[in-house]
Amino acid sequence: MKQFFLKKRAQEEMIGFVLIVLLVMIIFVVFLFISGSKNEESYESSEISSFLESLKIYTASCGDSSETDFYSITELIAECRDNQKCYSGENSCEVLDSEIGGILNQSWEMGINNLKGYSLEIIYGESEGGLNFEEGNTTSFSRIGTTSFIRGGKITISLTNFY
């Protein structure tokens, strides 16, 4: 009879040990899930999309036929892609860089509304390359906006703001 109780007690201790191991494993898996779920959070922003639509029609200080006939940013992007020069003789890519850089710095000032940084990408076609404008730091929380147009091929403009 004494042997029967010893066997039963050993079985109860084994079951207790297994339950403790399972509990520790479950806690570990939950910890991994929580720590792994802090991936980047990106949200589509109508404010940024509206900004990009306005940016496309902004008149740049570069034209093709006279000093009063200026390109929109959309046209200037296409001219830059084609390595064209402005009427004044300036390189269209340098003018584009200056224009977009100035607009971005005035529109998305670091520190305002907790803005930590931004990245604007202009992509020509599927894999033809493009331009990139970055300022500040990247973070895991961002808001994005994208627009595209066709001007001798598809051109996509994407702006990501980091908060």
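A short reminder: the numbers here are calculations on the coordinates, not readings from a lab. Since we're looking at a predicted model, the values are computed, not measured. Every residue, glycine as well, gets a Cβ built from its backbone with ideal geometry; the counts of neighbours run over all protein chains shown.
Structure above, values below:
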item: All positions within the stretch 131-159 that are among the polar types (S, T, N, Q), part of a strand (DSSP E or B) and over 24 Å from Ser92 (Cα atoms); result: Ser142
item: From Ser98, Ser54, Ser49, residue being polar (S, T, N, Q), touching a Leu at 6+ places or on another chain (Cβ under 9 Å), surrounded by 10 or more Cβ atoms within 10 Å (Cβ to Cβ) and within 20 Å of Ile157 (Cα to Cα); result: Ser49
item: Residue check for Ile122: within 19 Å of Phe149 (Cβ to Cβ), in contact with a strand residue (DSSP E or B) (Cβ under 9 Å, 6 or more places away or on another chain), among the hydrophobic types (A, V, I, L, M, F, W, C) and assigned to a helix (DSSP H, G or I); result: no
item: Total residues in the stretch 64-81, condition of a type in the set (Gly, Ala, Ser) and farther than 28 Å from Glu121 by Cβ; result: 2
